Amino acid sequence: GFTALPGGYRMWMDGSFLDFYQSGYWWSSDGYIEDGALGCMIFEMIATWITFDHRNGLSVRCVKD
């Protein structure tokens, strides 16, 4: 039951948006890891965990416990 629109992500270096309307990127609640921050990318119904620079702008999803 997860639905979302692909919002791409924002590059910290120049403020540009990439993959808008093509892929969705969300931060993980696991927080920082050694090389940056953990995020999930969804492209064509396939989810992949990726390390991002924590200065980039990814989407967030609020979940009620």
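The values are calculated or read from the model by the stated rules, or taken from the named source; none is laboratory data. Since this is a predicted model, take the numbers as computed values, not measurements. Neighbour counts run over all protein chains shown; Cβ positions are idealised from the backbone, glycine included. These accessible areas exclude ligands, DNA and RNA; they are computed on the full protein's heavy atoms, side chains included. Shrake-Rupley method; radii C 1.70, N 1.55, O 1.52, S 1.80 Å.
Considering only residues of the range 8-44 that are more than 9 Å from the chain's Cα centre (by Cα) and closer than 24 Å to Lys64 by Cα, which is modelled with the highest pLDDT? Of everything passing the filter in the range 8-44, Ala37 is modelled with the highest pLDDT.
Taking the range 34-65 as the range and being part of a loop (DSSP other than H, G, I, E, B), in contact (Cβ under 8 Å) with a residue 12 or more places away in the chain and open to solvent by 70 Å² or more (accessible area, probe 1.4 Å) as the test, the residues that pass are Asp35, His54, Arg55, Val60, Arg61.
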